[in-house]
Amino acid sequence: MTGGRVSLDTREVLRGVDLTVEPGEVVAVLGPNGSGKSTLVRSLLGLVPLTAGSVELYGVPPRRFRDWKRVGYVPQRLTAGGGVPATIREVVASGRIARQKRLRPASAADRAAVDRALRAVSLADRAGDPVHALSGGQQQRVLIARALAGEPDVYVMDEPTAGVDAATQQALAGTLRTLAAEGRTVVLVAHELGPLASVITRAVVVTDGLITQDGPPSIAAAVQEHCHPHADEDVRVPLSGWKPTP
């Protein structure tokens, strides 16, 4: 992103942001509530249009980017799909769509990837359950599994630890560590790093729509007092080790 600006409802949320993420980095985007963190990562993917400046994915503007199997996105919350009930497996399987040819049924590789992702978030035994019956923290694990199932090169996660307990956060750190070892790139929004601190290779601090710090994870301490951690949910089943396709 170069000179990125975003205005929402006449308010300028991003004010001239320059940010480049290199392959293999694990980048934490930190800052207080309302600082523009989520808007920044969403605009990187073209989900929020820029009012000025430019952004590219692998050298291509988001509106012309077509190789979406390379990018996995974990939003803050699961959105309902028009009132149509969906099972956990169905939502996780949707992470494979970008890898499938039109009208082609799911392949053995697709099913295996979904199974691995479900095991990674310890939801394999509940794959047939409706997503709407899950708690917020469990739904967050479903969203993580959906991204894992797609086996992308880049993971963009908007507050993946929101609403999940400490054990699940620890397990997510292990999953991210495995992804980083495989050379995957991760960009995640967080109020505070917690157990993810040991995985992060770079911290970007956003304050009032501007990147005010960009450097090693140690700079995160400067913003922790402004962050408000989410309360742990009553979700006690952690993610297990994630193993991408060899």
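Values quoted throughout were computed directly from the atomic coordinates according to the rules given, and no laboratory measurement underlies them. Since this is a predicted model, take the numbers as computed values, not measurements. All Cβ positions, glycine included, derive from the backbone under ideal geometry; neighbour counts span all protein chains shown.
Per residue, how big is the convex hull of the chain when only Cα atoms are used? Give it in Å³.
Once divided by residue count, the hull of the chain is 130 Å³.
Suppose the Debye formula is applied to equal point scatterers at every Cα of the range 44-146; what is log10 I(q)/I(0) at q = 0.11, 0.22 Å⁻¹?
At q = 0.11, 0.22 Å⁻¹ the computed log10 ratios are -0.41, -1.18.
Treating the beta-carbon of each Lys and Arg as +1 and of each Asp and Glu as -1, no other charges, what is the dipole magnitude of the chain about its Cα centre, to the nearest 20 debye?
1140
Ranking request for peptides 147-154, 177-184: highest mean number of other beta-carbon atoms within 10 Å first, then the rest in descending order.
Details: 147-154: 22.5, 177-184: 15.4.
Order by mean packing, descending: 147-154, 177-184.
Ignoring everything except DSSP H segments at least 4 long, calculate the 222 nm mean residue ellipticity for the chain; use -39,500 (n - 2.57) per segment, divide by total residues, nearest 500.
Calculated from helices alone, the mean residue ellipticity at 222 nm is -7000 deg cm²/dmol.
Report Rg (one decimal) and Dmax (nearest whole number) for the range 38-78, counting Cα atoms only, units Å.
10.5, 30
Rounded to a whole number of µm²/s, how large is the Stokes-Einstein D of the range 112-158 at 20 °C and 1.002 mPa s, given Rh as the Kirkwood radius over C-alpha pairs?
For these conditions, the coefficient is 195 µm²/s.
Go through the range 87-142 and name the trypsin sites (Lys or Arg not before Pro) that are in a DSSP coil and have 16 or fewer other Cβ atoms within 10 Å of their Cβ.
Hits after loop and neighbour filter: 101, 102.
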